[in-house]
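The values are calculated or read from the model by the stated rules, or taken from the named source; none is laboratory data. Keep in mind that what you see is a predicted model, and the values were worked out from it rather than measured. Cβ: placed from backbone, ideal geometry, glycine included. Neighbour counts: every protein chain shown.
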Amino acid sequence: MQTEQFQLHAEIEQRHWWFVGRRRILRRLLAEVLPASRDTLLVDVGCGTGGNIASLSADYACAGIDTSAEAIAIARQQFPGVRFFAGKAPEGLGELAGQARGVMLMDVLEHVEDDEGLLADLVAALSPGCWLLVTVPADPSLWSAHDVAFGHYRRYDRQGLEKLWEALPVGPKLVSHFNARLLPVIRAIRTWNRRRGRASGTAGTDFWLPSRPVNRLLGATFAGEGPRLVDALHGRRKGYSRGASLVALLRREG
């Protein structure tokens, strides 16, 4: 990500339906495995400008790390109550990596050329019992100028994501697509943008803020996938077989 994209995140991540809906879903999933406690350390790896981890700071002890010093400067300014570190994980976390009870990788792996290596290094630094929450963009057919603007190396299918941890000491408790309800709309926008050769939003991306009523409707539609994902976590029903994103909840084994 470049300066334009970090600034865009900082401007819209507290309001845009995609960020808001995703946080509501992931908060529900985390609450199922990590009851709220200020004694529980949650770390956001690749935290960007900090909105995701800051949204959890009332319920957990929170820290974020990112390789971009620019993003961390923005995060520290916006969310002074959260500890932020500029550096590479897990090295830049020091002893916090082993103390964490939950680690988030929120749309991070697609930005890393050696995604398998990053995940392996991170898992090696975690203590047994630590939960790892991973999200990535899904469906390679959705590749567009939006991915290029954000510096993505890839979009994932489920098999490709699961392959990343098949040799690691983790147990997957949930693997599912999500952002499934709005997939037809997203697919139509991406197809149209490819035909005209450019993205539809700001800074070369597909992000723009719709009107407030539309933004609220889209956010509620997206966030409404949460109950099904919680049910899938507990084996009560299946998750989503298609979607614009994938989510995985893994537990570090002993």
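Computed quantities for the displayed model
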item: Boolean, Val123 is more than 14 Å from the chain's Cα centre (by Cα), modelled with pLDDT of 95 or more and closer than 16 Å to Lys163 by Cα; result: yes
item: Residues that are in contact with a Leu (Cβ under 8 Å, 6 or more places away or on another chain) and touching a residue at least 60 places away in the same chain (Cβ under 8 Å), drawn from the stretch 45-89; result: Val45, Gly46
item: In the stretch 231-250, the residues that are under 26 Å from Pro128 (Cβ atoms) and crowded, with 17+ Cβ neighbours inside 10 Å; result: Ala232, Leu233, Gly239, Leu246, Val247, Ala248, Leu249, Leu250
item: Residues of the stretch 110-120 that turn out to be over 16 Å from Trp165 (Cβ atoms) and crowded, with 17+ Cβ neighbours inside 10 Å, as a count; result: 1
item: Pairs where the first residue, in the stretch 93-105, is on the phi < 0 side of the Ramachandran plot and the second is crowded, with 22+ Cβ neighbours inside 10 Å and of a type in the set (Phe, Trp, Tyr), C-beta under 7 Å, 6+ apart; result: Arg101/Trp131; Gly102/Trp131
item: Test: residue in the stretch 148-165 that is part of a loop (DSSP other than H, G, I, E, B), touching a residue at least 60 places away in the same chain (Cβ under 8 Å) and touching an Asp or Glu at 6+ places or on another chain (Cβ under 6 Å); result: no
item: Residue match in the stretch 97-109 (condition: surrounded by fewer than 17 Cβ atoms within 10 Å (Cβ to Cβ) and either charged (D, E, K, R) or more than 15 Å from Thr40 (Cβ to Cβ) (or both)); result: no
item: Cβ-Cβ under 9 Å pairs, at least 6 apart or on other chains, the stretch 210-222 side surrounded by 13 or more Cβ atoms within 10 Å (Cβ to Cβ) and of a type outside the set (Gly, Ala, Ser), far side at pLDDT 95 or above and not in a helix (DSSP H, G or I); result: Leu218/Leu182; Thr221/Arg181; Thr221/Leu182; Phe222/Phe178; Phe222/Asn179; Phe222/Arg181; Phe222/Leu182
item: Extreme residue, nearest to Thr49 (Cα to Cα), among residues of the stretch 80-138 that are assigned to a loop (DSSP other than H, G, I, E, B) and charged (D, E, K, R); result: Asp107
item: Top-ranked residue in the stretch 122-144 [being in contact with an Asp or Glu (Cβ under 8 Å, 6 or more places away or on another chain) and not polar (S, T, N, Q); ranked as nearest to Arg28 (Cα to Cα)]; result: Val136
item: Breaking point among (1) touching a helix residue (DSSP H, G or I) at 6+ places or on another chain (Cβ under 8 Å); (2) surrounded by fewer than 17 Cβ atoms within 10 Å (Cβ to Cβ); (3) in a helix (DSSP H, G or I); (4) not basic (Lys, Arg), for Ile25; result: (2)
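Conditions tested, residue by residue: (1) under 16 Å from Val82 (Cβ atoms); (2) at pLDDT 95 or above.
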residue	(1), (2)
Glu4	no, no
Glu13	yes, no
Phe19	no, no
Arg23	yes, yes
Val43	yes, yes
Gly46	yes, yes
